[in-house]
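K.L.:
Let me begin by handing over the structure; questions about it come next.
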Amino acid sequence: MDGKGLVRSRMKNILYNFGYFLKEVRVLLRLNPLSNLLSVLSTGLIFFILATMVSGWWISNDVVEAIQGEAEISVYYSEDAGDETITRLVKNIEGIPGVREVQLIDRDEAYGRMVEILGQEAEVLEYFDANPFSPFIEVKIHVNEMNTILEKLNFVIGIEYVRDNREILEKIQNISEIMKIIGYLIVTAAGISTLVIIAHIIRMGIYDNKEQINTLRLMGAPEAFIAFPFLVEGLVITVAGGMIACLLTTFTINYVFLHMTGPLPFIPLPSPEELISRVMVLVLTLSVVLGVLGSAFGLASAKRD
């Protein structure tokens, strides 16, 4: 029998005995109800912590990306430069890889921007007899290519000074990298914890049913037939825990967004519906994958014993 035929045969066998498998799963779950309940709650708590941290990670990434989208440097040129020289300078800057947008800011607009920044303190500008601000070119950039852009600007003729805000932009880059590392660590820690819990549950279930398993082996039952109920048991526990985590996460996200959008309207937050749907897909997918892997590890370790 070829590989495809063997797979079809096993699938038919599983479907034919599906009722028996469900009965065995119910028996396994009822065998240690308190232990299984605590396992579901523990798994749900782990997934809830994972979902909460990942949600914060995604929100932080969105905020950092929004800030990165506003990353800019200011290029100053000689005030004696003519229109043709300034136009050529703008085109040269636009041609640098990593530059997203270039905008010419005249003296009046620079003055208006400073008035907005100073707010009530802007009256100090009235003490100047003339507009103290110089025209400049506002260059929005991709933060990851900041160093390359600054190096190329050194070779552009006509530039007198570049205010690069390097310290702020580097901090933005560092925050983005740190958030990525934290997110990966959280997912890894939650995955390992869930695998350990499920593997332990499956091992205990096998030990509690050792006599029944030995009887099935003596009757000639294949190992896959014996192992399948334990695999389903681990899957049921993790999926149940994942669903509990989804409910708690939905409530938490709605609560947090309700209290954040009012006092912090300037923060570019994603929509709660989109965030909840992304988290639910992640949690339920992980619950299925970790349930299968945890059960497989439990079965493998029990065999070695």
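K.L.:
Looking at (1) out of contact with any strand residue (DSSP E or B) (no Cβ under 6 Å at 6 or more places or on another chain); (2) loosely packed, with under 15 Cβ neighbours inside 10 Å; (3) touching a residue at least 12 places away in the same chain (Cβ under 8 Å), which is the one condition that is false for Y76?
P.N.:
Failing condition for Y76: (1).
K.L.:
Only one of F21, F48 is more than 30 Å from S134 (Cα to Cα), at pLDDT 75 or above and either assigned by TED's automatic domain parsing to the domain that holds A189 or loosely packed, with under 15 Cβ neighbours inside 10 Å (or both). Can you tell me which?
P.N.:
Values: F21 fails: at pLDDT 75 or above.
Selected residue: F48, the only one of F21, F48 that is more than 30 Å from S134 (Cα to Cα), at pLDDT 75 or above and either assigned by TED's automatic domain parsing to the domain that holds A189 or loosely packed, with under 15 Cβ neighbours inside 10 Å (or both).
K.L.:
In addition: Can you find a residue in segment 290-303 that is exposed (fewer than 13 other Cβ atoms within 10 Å of the Cβ), at pLDDT 75 or above and either more than 24 Å from R26 (Cβ to Cβ) or under 21 Å from the mean Cα position of the chain (by Cα) (or both)?
P.N.:
Checked segment 290-303: no residue is exposed (fewer than 13 other Cβ atoms within 10 Å of the Cβ), at pLDDT 75 or above and either more than 24 Å from R26 (Cβ to Cβ) or under 21 Å from the mean Cα position of the chain (by Cα) (or both).
K.L.:
Any chance you could count how many residues in segment 67-106 are over 17 Å from N154 (Cβ atoms), within 33 Å of the chain's Cα centre (by Cα) and of a type in the set (G, A, S)?
P.N.:
Count: 2.
K.L.:
Something else: So, in segment 54-80, of the ones that are of a type in the set (A, V, I, L, M) and modelled with pLDDT under 80, which residue ends up farthest from D106 (Cα to Cα)?
P.N.:
The selected residue is I59.
The values are calculated or read from the model by the stated rules, or taken from the named source; none is laboratory data. Computed from a prediction, not measured in an experiment: that's the story for all the values here. As a convention, Cβ positions derive from the backbone with ideal geometry for all residues, glycine included, and neighbour counts pool all protein chains shown.
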